[in-house]
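One structure is given here, and the rest of the page talks about it.
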Amino acid sequence: GWFHSSLLLASAIFGRAPYRGLLTHGFTVDGQGKKMSKSLGNTVSPQEVSGKLGAEIIRLWCASTDYSGDLAIDDKILARVVDAYRRIRNTLRFLLANTSDFDAAKDAVPYAQMLEIDRWALARAAEFQAEVLGHFKVYEFHPVVAKLQLFCSEDLGGFYLDVLKDRLYTSAAGSVARRSAQTALHQILHAMLRWMAPFLSFTAEEAWKIVGGGSPSIFLETYPTLPAGDAALLAKWERIRAIRNIVNKEIEKVRAEGQLGSSLQANVSLLAQSETYNMLSSLGEDLKYVFIVSKVEVKPVSEAMDEVVDFDCEVTSVAPSDHAKCERCWHYRADVGVNPEHPTL
């Protein structure tokens, strides 16, 4: 009533609506879409949810729900929200932990000198930020929450951070390889805190205090300027990730047969057509880190066969390594024990 009367009065007196923008939302209902009532016993108290799960979960539930229709809530829905929150928070913990000894002012690696996969990560972050800001501009919050979960679980957790672990944990602390990774992680961390601040306000502010940014609050910050997205780089690594999935499936088959333990125990051989062969070969020794195996051998299909074969890239063999395992990096290598002072390295 108040809303309607304010609209009518402002239109009559000033000739315009009393606001510049208008956002409407549906009613809050239970998990089955039924109206909440005490007689049905299906009411959900925000105070109880806040006391049990924290106000952050209510905020994330609200942001993850499509408010253009009715907003459903019950214990099962809240449990899914808690899982989503945990996934995002765990990603933040990894980023914070692995940049704790990083000082951007003196340790940052120039973009041109960063490893290619680290440049890809920043290009993917820039692409993602453009999507996020596009949604925020029209008050679409639930796609941002859904995409942030995927970004954390697939782009980061399922691929980039998984590949980085060896480099972060076993490279020399101040090496270019490790600092390159930290440079990317530092920029992604700062961007991610800004992406999530509108709907995970407490968590973003809590992490911001650990990051030690220039201003006293994340809410005094603007969105970062990330390196411009490189379409060719993004396309190349999308293809590499697809091949990695193929390799992982073959490794799982051999593991299921009891021939392998960790994927790092595996030596993998691939046969690829010329364009894919050149793409994979361009990574050199880094390819084994991408696939998280101890050795990768890529052979080209002969030119005569290039147009005849019906595959782009094929796994020809997955076999356990004959070499000993390095206790430091866990790779199976021929040079383990070469130095008698360190027989297990």
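Condition check ((1) over 20 Å from P143 (Cβ atoms); (2) modelled with pLDDT under 95) across all residues:
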site	(1), (2)
I13	yes, no
Y19	yes, yes
T24	no, yes
F27	yes, yes
G33	yes, yes
N42	yes, yes
P46	yes, yes
L60	no, no
S64	no, no
Review point. Out of (1) open to solvent by 90 Å² or more (accessible area, probe 1.4 Å); (2) in a loop (DSSP other than H, G, I, E, B); (3) in contact (Cβ under 8 Å) with a residue 60 or more places away in the chain, what's the single condition that is false for L22?
Key: (3)
**Study point:** For S274: the one exception among (1) of a type in the set (S, T, N, Q); (2) modelled with pLDDT of 95 or more; (3) over 20 Å from the mean Cα position of the chain (by Cα)
**Key:** (2)
Practice item. Look at the stretch 251-261 and say how many of its residues are open to solvent by 60 Å² or more (accessible area, probe 1.4 Å) and either among the hydrophobic types (A, V, I, L, M, F, W, C) or within 21 Å of K299 (Cα to Cα) (or both). Key: 1
Check your understanding: When you scan the stretch 196-210, how many residues do you find that are more than 30 Å from A112 (Cβ to Cβ), assigned to a helix (DSSP H, G or I) and open to solvent by 20 Å² or more (accessible area, probe 1.4 Å)?
Key -> 5
Check your understanding: Just to be sure, is Y85 aromatic (F, W, Y) and over 19 Å from Y160 (Cα atoms)?
Key -> yes
Practice item. Check every one of the helices (runs of 4 or more DSSP H) wholly within the stretch 98-195 and list those with 2 or more residues that are under 22 Å from E285 (Cα atoms). Key: 116-137, 161-170
Review point. If a residue has to be open to solvent by less than 70 Å² (accessible area, probe 1.4 Å) and of a type in the set (D, E) to count, how many in the stretch 25-57 make the cut?
Key: 2
Exercise for review: Please work out which residue is least open to solvent (accessible area, probe 1.4 Å), limiting yourself to the stretch 211-250 and to residues that are acidic (D, E) and not in a loop (DSSP other than H, G, I, E, B).
Suggested key: E250
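Is it the case that some residue within the stretch 153-168 is among the aromatic types (F, W, Y) and open to solvent by less than 40 Å² (accessible area, probe 1.4 Å)?
Within the stretch 153-168, the first condition is being among the aromatic types (F, W, Y), and the residues that meet it are 159-160.
Then keep just the ones that are open to solvent by less than 40 Å² (accessible area, probe 1.4 Å); that gives 159-160.
So far as the stretch 153-168 goes, yes, one or more of its residues are among the aromatic types (F, W, Y) and open to solvent by less than 40 Å² (accessible area, probe 1.4 Å).
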Review point. What are the residues in the stretch 170-195 that are in contact (Cβ under 8 Å) with a residue 60 or more places away in the chain and open to solvent by 10 Å² or more (accessible area, probe 1.4 Å), if any?
Key: T170, A173, G174, V176, A177, R179, H186, Q187
Revision key, fill the gap. Apart from one, (1) surrounded by 11 or more Cβ atoms within 10 Å (Cβ to Cβ); (2) part of a helix (DSSP H, G or I) all hold for D66; the odd one out is (2)
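The values are calculated or read from the model by the stated rules, or taken from the named source; none is laboratory data. The shown structure was predicted, so the numbers you read here are calculated from the model rather than taken from an experiment. Positions of Cβ are backbone-derived with ideal geometry, glycine not excepted, and every protein chain shown enters the neighbour counts. Surface accessibility is based on the protein's heavy atoms, side chains included, excluding ligands, DNA and RNA. Shrake-Rupley method; radii C 1.70, N 1.55, O 1.52, S 1.80 Å.
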